[in-house]
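What follows draws every value from the coordinates through simple rules; no lab data is involved. Worth saying up front: this structure is predicted, and the values here are computed from it rather than measured. Using ideal geometry, Cβ is built from the backbone for each residue, glycine included, and neighbour counts are taken over all protein chains shown.
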Amino acid sequence: MSLTAEQRRILEDINATRPVSDAAANWAVKAGYAAQAEDGDIDLTQAGRQCVDSSTL
């Protein structure tokens with residue numbers, strides 16, 4: 001799947017632990033790129049990390 005610049009930025013923000021909007025977090029979780037804990041913490045899944053890693057090559 002090809003990500004838009006906005007979607008890539010969301011994943012990069014999550015990876016860098018910068019705050020993202022609820023809508024952005026929900027998109028990342030629904031797309032399978034992030035997982036959200038009950039306490040609200042969010043982190044990238046393996047798929048999300050691969051997207052961020054490949055965008056920096």
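What helices (runs of 4 or more DSSP H) lie completely within the chain and have 3 or more residues being in contact with a Leu (Cβ under 7 Å, 6 or more places away or on another chain) and not charged (D, E, K, R)?
5-15, 46-55
Matching residues to (1) crowded, with 16+ Cβ neighbours inside 10 Å; (2) touching a Pro at 6+ places or on another chain (Cβ under 7 Å); (3) not small (Gly, Ala, Ser):
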residue: 3; (1), (2), (3): yes, no, yes
residue: 6; (1), (2), (3): no, no, yes
residue: 10; (1), (2), (3): yes, no, yes
residue: 15; (1), (2), (3): yes, no, yes
residue: 18; (1), (2), (3): no, no, yes
residue: 28; (1), (2), (3): yes, no, no
residue: 35; (1), (2), (3): no, no, no
residue: 38; (1), (2), (3): no, no, yes
residue: 41; (1), (2), (3): no, no, yes
